[in-house]
Amino acid sequence: MSEVSLGFSTSCAHIKSRGYYPDKPLTEEEANFPLAFSINVYTDYLKLEQQFAIMYAPQNHYCYGIDKKSDPIFKTKVYSLAKCFPNIYIVKNEKNLDHSGVNGNLYNYECMKLLNDKNYKYLFLLQNDDAPLKTDLELVKILKIYNSTIDMNIGDPISKKPIIINRRKSLKFKALKMFKKHDKRYHNKALGKTKIKIQKGLLQATISKKTVDYIINEINIKKLLDILNTKKPYSDEVLWPTIFTNSYLQVPGWQHYLCNKRAIFSKHYMTRKTIFGRKRKKCISGFSRNGICILGIESLSTIKEWPHFFANKFRSSFDAGASMCWLQYMYNKKFFLPFKEINENFYMRSSLIKYQKLKEIRKNHVKICKMI
């Protein structure tokens, strides 16, 4: 189903007739814990609008980076959506997005800057096809348990594919100009000669406002971002894991890169659930694309039980009905079904959260990796 054939209006009146957008937080708990979203998009506007309706809350903030190559009709619809809500922001300087991941991190960074003066507790880094599995209230209750912990994918065998970067560029801290003049690390000559430890994981992550503030206001990641922002495979899966696990940067919520050697940390990665399978018979829907199982109507009863925040992925070109059915279920859960308390014990057992708690009482962060 093409964008052109979807001849529906995106006037504010029509958008708001297709979903309920409350003008006040649904609960006091949500009002006191606003969230933010950085989403890179390129296609399938109707699905994006439906996902937005599920994620929407007036206290939250939503930032979109649009693929420069996207159909003009798609772009127009996204801009129309933004005009209807004061808490939607769009990165103005459009860049090309593709399967290599080029400019994905750049859009995240631009969204962080656009949201710099906004009030929120956590920021989600997402992409076009990441479907919500949790309501706003569920996310709030879960993230209060996280208490500034970064939810990131490290230690996953999938993320251990070769790291391909431009080795001709210096990765020494002095060359990267990461520290500002008022920072004592700026004057540390030994540190200046040290190379930053490159790591790999996934782009999708859930990070606290404290972490974002530090990245935007306390250090300068622009040169590192420029070096890593290439068309080489998986280029968008390097920047954030590198920053979030570096012992010299120590961004709030950081975790030592040596923990990457332990798969247990990846098992508690909750931002996005993906089923990998190159063979169709391994996918419950019977369909695989680029080594990832596409979700279909057969998947719905399964994903209801997933504890993750988002699922990857529905494709309207494969099974539009499955996506619509799921989002209708989420809409009903958000507004009509009795609230079911989250499994707090499950999230409290997270190795990522345990690591942050142990950091408060133990100096040797490497040993903590082995203790969990």
* Structure fact -> The alpha-carbon center of the stretch 100-134 and that of the stretch 187-236 are separated, in whole Å, by 15 Å
* **the chain: antiparallel DSSP beta bridges as a percent of all, rounded to 5** => 40 percent
* Asked: How far is it, in nm, from the label point at Asn188 to the one at Lys83 when both lie 7 Å from their Cα along the line to the Cβ?
  -> 5.1 nm
* Which of the listed residues, Asn105, Ala82, Tyr56, is farthest toward the dipole's positive end in the stretch 1-112, when Lys, Arg count +1 and Asp, Glu count -1 at the beta-carbon? -> Ala82
* Asked: Which entries in the list Lys134/Lys273; Lys121/Lys367; Lys95/Lys197; Lys24/Lys141; Lys177/Lys197 go over 20 Å, if you measure between the two C-alpha atoms of each?
  -> Lys121/Lys367; Lys95/Lys197
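Test of understanding: what is the full-extension gain from Asp226 to Ile164, defined as 0.36 nm times their sequence separation minus their Cα-Cα distance? Walk me through the numbers on the way to the answer.
On the way: separation 62, 0.36 × 62 = 22.32 nm, distance 1.43 nm.
Additional length available on full extension: 20.9 nm.
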* Structure fact -> Surrounding charge for Asn147, neighbours by C-beta under 11 angstrom, Lys/Arg +1, Asp/Glu -1, total +3
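Can you pull out the trypsin sites (Lys or Arg not before Pro) in the stretch 88-161 that DSSP calls coil and that have at most 16 other Cβ atoms within 10 Å? Walk me through the numbers on the way to the answer.
Values: sites: Lys92, Lys95, Lys113, Lys118, Lys121, Lys134, Lys141, Lys144, Lys160; in loops: Lys92, Lys118, Lys121, Lys134.
Those satisfying the criteria are Lys92, Lys118.
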* To do: Given the options Leu139, Leu191, Leu171, state which has the largest fluctuation in a GNM of the chain using a 10 Å cut-off (strictly under) for Cα springs.
  => Leu191
* Mind putting a number on the dipole of the chain about its Cα centre? Charges go on the C-beta only, +1 for Lys and Arg and -1 for Asp and Glu, and I need it in Debye to the nearest 20. => 2320 debye
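Any idea what the relative contact order of the chain is, in percent, if you count C-alpha pairs under 8 Å spaced at least 6 apart? Can you show the working numbers first?
Working: 660 pairs, mean separation 67.4, N = 372.
Value for the chain: 18 percent.
Which entries of Lys144/Lys210; Lys47/Lys75; Lys113/Lys189 have Cα-Cα distances beyond 18 Å here? Please report the intermediate quantities before stating the final value.
Numbers: Lys144/Lys210 14 Å; Lys47/Lys75 14 Å; Lys113/Lys189 30 Å.
In this structure, Lys113/Lys189 lie more than 18 Å apart at Cα.
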* **Virtual spin-label span in nm between Asn147 and Lys181, 7 Å along Cα→Cβ** => 4.0 nm
* Which are the unpartnered cysteines of the chain, meaning those with no other cysteine Cβ under 4.7 Å from their Cβ? -> Cys325
* Structure fact -> Once phi for every residue in the stretch 28-41 is put through the Karplus expression 6.51 cos²θ - 1.76 cosθ + 1.60 (θ = phi - 60°), the whole-Hz ³J(HN,Hα) values, with Gly and Pro written as x, are 5, 4, 5, 4, 8, 9, x, 10, 9, 9, 10, 10, 8, 10
* Gain upon complete extension [Phe318, Lys174; 0.36 nm per residue less C-alpha separation] -> 47.0 nm
* Whole-Å distance, taken between Cα centres, linking the stretch 138-155 and the stretch 1-69 -> 23 Å
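With a cut-off of at most 14 other beta carbons within 10 Å, and DSSP calling the residue loop, which chymotrypsin sites (Phe, Trp or Tyr not before Pro) in the stretch 305-372 qualify? Please list them.
Working: sites: Phe309, Phe310, Phe314, Phe318, Trp326, Tyr329, Tyr331, Phe335, Phe336, Phe339, Phe346, Tyr347, Tyr355; in loops: Phe309, Phe336, Phe339.
Answer by residue number: Phe336, Phe339.
Bear in mind these aren't lab numbers, they're just calculated from the coordinates by the rules spelled out. Please read all numbers here as calculations on a predicted model, not as lab measurements. No Cβ is skipped: glycine too gets one built from the backbone with ideal geometry, and neighbour counts run over all protein chains shown.
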